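One structure is given below, encoded as structure tokens.
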There are 4 protein chains.
Amino acid sequence: MTTPPTPVSPETLQQALGELFAPWVQALHLRVERSDADGVTLRLPQSDQLSRVGGVLCGQAMMAAADTAMVLALINHFGQFRPCSTVQLSSSFMKPLSGQDALVTARVLRAGKAMAFGEIDLAGADDGKSVFRASTTYALM
Amino acid sequence: MTTPPTPVSPETLQQALGELFAPWVQALHLRVERSDADGVTLRLPQSDQLSRVGGVLCGQAMMAAADTAMVLALINHFGQFRPCSTVQLSSSFMKPLSGQDALVTARVLRAGKAMAFGEIDLAGADDGKSVFRASTTYALM
Amino acid sequence: MTTPPTPVSPETLQQALGELFAPWVQALHLRVERSDADGVTLRLPQSDQLSRVGGVLCGQAMMAAADTAMVLALINHFGQFRPCSTVQLSSSFMKPLSGQDALVTARVLRAGKAMAFGEIDLAGADDGKSVFRASTTYALM
Amino acid sequence: MTTPPTPVSPETLQQALGELFAPWVQALHLRVERSDADGVTLRLPQSDQLSRVGGVLCGQAMMAAADTAMVLALINHFGQFRPCSTVQLSSSFMKPLSGQDALVTARVLRAGKAMAFGEIDLAGADDGKSVFRASTTYALM
């Protein structure tokens, strides 16, 4: 039994957000809201830049936020950055979101030696309703 | 048996790209390369904006390009824009891509009355090697 | 706001198991353990018939149990059988399971007019450890 | 550049079918039709055992056949059995199949040192129409 790693502060994760990701991903303006033993929650601010016709949050931004949140959840899980790459990401779009920020919560379900599995939920920040789910697989290096 | 719809020109699809999608998606600078009975191919130009540490194309851009390409492939398939929404998108990241543009090819596998299914391949524009695959489900309205 | 449907008893769901599914699926010998507002839990009994080399539960049985459990969760959700068909099912195999029954819990995340979304967890009945997850999309008719 | 492995004969793959899989999977009565550099094709014979109400092939059998076919395609790809485990399998059910056998074709898209990716198509043996697709990820050991 190994000692569980020290949790990673939201500030450290916010810094990782600014260093590890492509500028285009940073243009989502994700903010780390919370990190604890359960996972990591990011806020995706409402923006015309991310809205398609009709004012709804585009699905492309949901998937991008999900993948990004899971990388941070893995850092949080391991107590530090570990090189990893996304192997698979399955997204379900349950309903549209408009007129509010989104909260993106990523949870590590299992992290073994070579692979990690996780789940992401995206919900309206105001009404709390879940609109998007993703499940992911990462290869750990 | 219905008459197959008139194919949609690359120019018309390029125009749809500029009208239907969020500004953040348009910042991918996708260009329609080809459209025919088989599907639609977009070029995703190499860019520092889309590259994460190490100069590789970020996975978030791959997924976004895939979803976008499939919407255009559905327009091409139906001969015109039909309101639709992504229901599910499953992505497999097979290997990294760097130092070249990507070609994103979307194909409609089946389009019924209420649902459409498709597949997307993303390959290096120079070496032709497939690096990413996605399968998608859309609800037609 | 509609009145929530009457919950469906485990006995009624067990009967549906015997009527709606192919004989080969019934050979899994799934038993309804629990049904409530949260979802449905089935027990998949350990069996040599379902074990591959090494005595581990075969992944094929996990996927089949997941799909079956979600159909029952939809019956439970609607208060009665509604014709539906599986559109998409994404499975993640997190670790092997051996030497024990499995508990398969299906939960409806969202059910709209035309589509329903759900999640399934499969865990060891003795150690409670989650070994498999699936997310599903159904078309409602 | 390594020498490509010797292709594996249908007879050898048929024998592997009888040895590697759970008895419940063998009850699908899959038969190896073809194996070549492109992949492996299995026949799933029509059977009342696999049919649900209405005489259509149950989706559980489609997923099970897909996973099984990919394991054989990996043996074919490597020229011999290599221990591997399914990590992820995403299935799309495009339309029902009834009144005929199914042909299940599995293709390895990429096989690296640690991971392999593949795609499976299931089509009617008589009408040749594709009714089901799956994409898979395997961990190689």
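Within 10 Å of each Cβ in D:30-40, how many Cβ atoms from other chains are there, averaged over the peptide? Could the numbers behind the result be given before it?
Details: counts 0, 0, 0, 0, 0, 0, 0, 0, 0, 0, 0.
Mean partner shielding for this stretch: 0.
Using modelled backbone amide H atoms (1.01 Å from N, in-plane), which distant-in-sequence or interchain residues come within less than 5 Å of D:Asp126's amide H?
D:Asp101
By counting other Cβ atoms within 10 Å of each Cβ, how are C:Met70, D:Met115, B:Met63, C:Met94 ranked from fewest to most? The partial results should precede the final answer.
On the way: C:Met70 30, D:Met115 24, B:Met63 27, C:Met94 20.
Taking fewest neighbouring Cβ atoms as first place, the list is C:Met94, D:Met115, B:Met63, C:Met70.
Note the distances from D:Gly99 to each other copy's matching label point, with points 7 Å along the Cα-to-beta-carbon direction, in nm, sorted shortest first.
Inter-copy label distances (nm, one decimal, shortest first): 4.9, 5.1, 5.6.
Scale the Cα Rg of the protein assembly as shown by the rule-of-thumb value 2.2 N^0.38 Å and send over the ratio, two decimals. Could the numbers behind the result be given before it?
On the way: Rg = 22.6 Å, N = 564, 2.2 N^0.38 = 24.4 Å.
Here the answer is 0.93, to two decimals.
Long-range amide H contacts for B:Glu33: which residues qualify at under 5 Å (H placed 1.01 Å from N, peptide plane, sequence gap of 5 or more or a different chain)?
Those qualifying (amide H under 5 Å, at least 5 residues apart or on another chain) are B:Thr41, B:Leu42, B:Arg43.
For the range D:126-131, in order, what is each residue's ³J(HN,Hα) by Karplus, 6.51 cos²θ - 1.76 cosθ + 1.60 with θ = phi - 60°, in whole Hz (x at glycine and Pro)?
Values per residue, Gly and Pro as x: 8, 9, x, 7, 6, 10 Hz.
Averaged over B:49-56, how many beta carbons belonging to a partner chain fall within 10 Å of each residue's beta carbon?
Numbers: counts 6, 4, 3, 8, 5, 1, 0, 2.
For this peptide, the per-residue mean of nearby foreign Cβ atoms is 4.
Counting other beta carbons within 10 Å of each residue's own, what order do D:Thr137, D:Thr86 fall into, fewest first?
D:Thr86, D:Thr137
What are the nm distances, shortest first, from A:Asp48 to its equivalents in the other copies, labels at 7 Å along Cα→Cβ?
Label point to label point, same position, other copies: 2.8, 6.6, 7.1 nm.
Taking the alpha carbon gyration tensor of the range D:10-140, what are the square roots of 5 times its eigenvalues, largest first, to the nearest whole Å?
Values: eigenvalues 110, 46, 35 Å².
They are 23, 15, 13 Å, listed largest first.
Within a 10 angstrom radius of the beta carbon, how do D:Asp121, C:Asp126 rank from fewest other beta carbons to most?
Numbers: D:Asp121 19, C:Asp126 13.
In order of increasing Cβ crowding within 10 Å: C:Asp126, D:Asp121.
Let me know the charge dipole size of chain C about its Cα centre in debye, to the nearest 20, where only the beta-carbon of Lys, Arg (+1) and Asp, Glu (-1) is charged. Present the calculation step by step, with values, prior to reporting the outcome.
Values: 11 positive and 12 negative charges, 74 e Å.
Once rounded to the nearest 20, the dipole reads 360 debye.
Using only alpha carbon pairs under 8 Å that are at least six residues apart, calculate the relative contact order of chain C and give it in whole percent.
Values: 287 pairs, mean separation 33.6, N = 141.
Contact order relative to length: 24 percent.
Within the range A:24-41, list the residues whose amide N lies under 19 Å from a label point set 7 Å along Cα→Cβ of A:Ser9.
Answer for the range A:24-41: A:31-41.
What average number of partner chain Cβ atoms lie no more than 10 Å from the Cβ of the residues making up D:12-22? Present the calculation step by step, with values, prior to reporting the outcome.
Working: counts 0, 0, 0, 0, 0, 0, 0, 2, 3, 4, 13.
Taking the mean over all residues of the peptide, I get 2.
For the rotation that superimposes chain B on chain D, which residue of B has the C-beta lying nearest to the axis, and at what distance in Å?
Nearest Cβ to the rotation axis, residue and whole-Å distance: B:Ser90, 2.
Can you tell me the dipole magnitude for the protein assembly as shown around its Cα centre, using point charges on the Cβ only (Lys, Arg +1; Asp, Glu -1), in Debye to the nearest 20?
Details: 44 positive and 48 negative charges, 0 e Å.
Magnitude of the dipole: close to 0 debye.
Using the Karplus curve 6.51 cos²θ - 1.76 cosθ + 1.60 with θ = phi - 60°, what ³J(HN,Hα) values do you get for each residue of the range C:21-35, in whole Hz, with x for Gly and Pro?
Karplus-based 3J(HN,Hα) across the range C:21-35 equals 10, 5, x, 5, 6, 5, 5, 6, 6, 5, 10, 6, 9, 7, 9 Hz.
Find the Cα radius of gyration of the range D:69-141, compare it with 2.2 N^0.38 Å by division, and give the number to two decimals. Display every interim value, and only then the final one.
On the way: Rg = 13.3 Å, N = 73, 2.2 N^0.38 = 11.2 Å.
With N residues counted in the range D:69-141, Rg over 2.2 N^0.38 Å equals 1.19.
Give the calculated FRET efficiency between A:Asp127 and B:Asp48 to the nearest 0.05, with a Förster radius of 41 Å applied to their Cβ-Cβ distance. Kindly include the intermediate steps, with their values, before the conclusion.
Values: r = 38 Å, r/R0 = 0.92.
Computed FRET efficiency for A:Asp127 and B:Asp48 comes out at 0.65.
Could you pull the copy-to-copy label distances for B:His29, with points set 7 Å along Cα to Cβ, in nm to one decimal and sorted shortest first?
Values, ascending and in nm: 2.3, 5.9, 6.3.
Rounded to the nearest Å, what's the spacing between the alpha carbon centres of the range D:60-137 and the range A:44-78? Just the number, please.
Here the two parts' Cα centres lie 32 Å apart.
Starting from the Cα gyration tensor of the range C:24-88, multiply each eigenvalue by 5, take the square root, and state the resulting semi-axes largest first in whole Å.
Over the Cα atoms of the range C:24-88, the semi-axes work out to 25, 13, 9 Å.
Each residue of the range C:51-57 in turn: what ³J(HN,Hα) in whole Hz from Karplus with 6.51, -1.76, 1.60 and θ = phi - 60°, glycine and Pro shown as x?
Along the range C:51-57, the couplings run 9, 9, 2, x, x, 9, 4 Hz.
Readers should treat all values here as calculations from the given coordinates under stated rules, not as data from a laboratory. The structure presented is a predicted model; accordingly, all values stated were derived computationally and were not measured. FYI the Cβ positions are ideal-geometry reconstructions off the backbone, even for glycines, and counts take in every protein chain you see.
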